[in-house]
Amino acid sequence: MSTVIIVLALLAIGVGSIIYLTKKSIIKDSDGDFIPDVVEDKIEETKKKVERVKEEVSDVVEIAKELTSQVKDVAEAANGKSKSRKGRKPVAKK
């Protein structure tokens, strides 16, 4: 029970400090939501990075699927099961 009180007291001190420093304009908070602008900027940067990583991972997954298909074709050709060349069709000349 005393641990809960200590945690709540520390949380109240932290929130009070942020509110005080914001009111004194030591911490900038242009939109008045009691979240410092620096924190909001870092969150936006992180969201952008996460979105970019998702795009790259999806590209890697697509390439990995194509690679597994090509590896199967190579294995069949090495075993002599494939009579004709599979894989990409040649680009038509214009």
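Every read-out reported here was derived from the displayed coordinates using simple, explicitly stated rules and does not represent laboratory data. Everything quoted here is computed from the prediction, not taken from an experiment. Cβ: placed from backbone, ideal geometry, glycine included. Neighbour counts: every protein chain shown.
What does the C-alpha gyration tensor say about the overall shape of region 1-50? Classify as rounded when a/c is under 1.5, otherwise prolate if a/b is larger than b/c, or oblate. Oblate shape, in that a/c is at least 1.5 and b/c is the bigger or equal ratio. Projecting the Cα atoms of Ile27, Ser17, Val60 onto the charge dipole of region 1-66 (Cβ charges, centred on the Cα centre) puts Ser17 farthest toward the positive pole. Using R₀ = 30 Å, calculate the FRET efficiency as 1/(1 + (r/R₀)^6) where r is the Cβ-Cβ separation of Arg88 and Ser58; round to 0.05. Calculated value: 0.90.
Close amide H partners of Ile27, meaning residues 5 or more places away or on another chain with modelled amide H under 5 Å apart, are Thr22. Result for the chain in a Gaussian network model with C-alpha springs under 10 Å: among Gly16, Gly80, Gly32, the largest mean-square fluctuation is at Gly80. For the chain, the relative contact order comes to 10 percent (Cα pairs under 8 Å, sequence separation of at least 6). The modelled label-to-label distance for the pair Asp37/Lys23, using points 7 Å beyond Cα in the direction of Cβ, is 2.1 nm. Couplings 3J(HN,Hα) for region 53-58, derived from phi with the Karplus relation 6.51 cos²θ - 1.76 cosθ + 1.60 (θ = phi - 60°), are 5, 4, 4, 5, 5, 5 Hz, where x marks Gly and Pro.
The structure shown yields semi-axes √(5λ) of the Cα gyration tensor in Å, and of the options (i) 61, 21, 6; (ii) 24, 13, 12; (iii) 36, 18, 15 that calculated value carries the label (i).
Largest mean-square fluctuation among Lys72, Lys49, Lys23, in a Gaussian network model of the chain whose springs join Cα atoms under 10 Å apart, belongs to Lys72.
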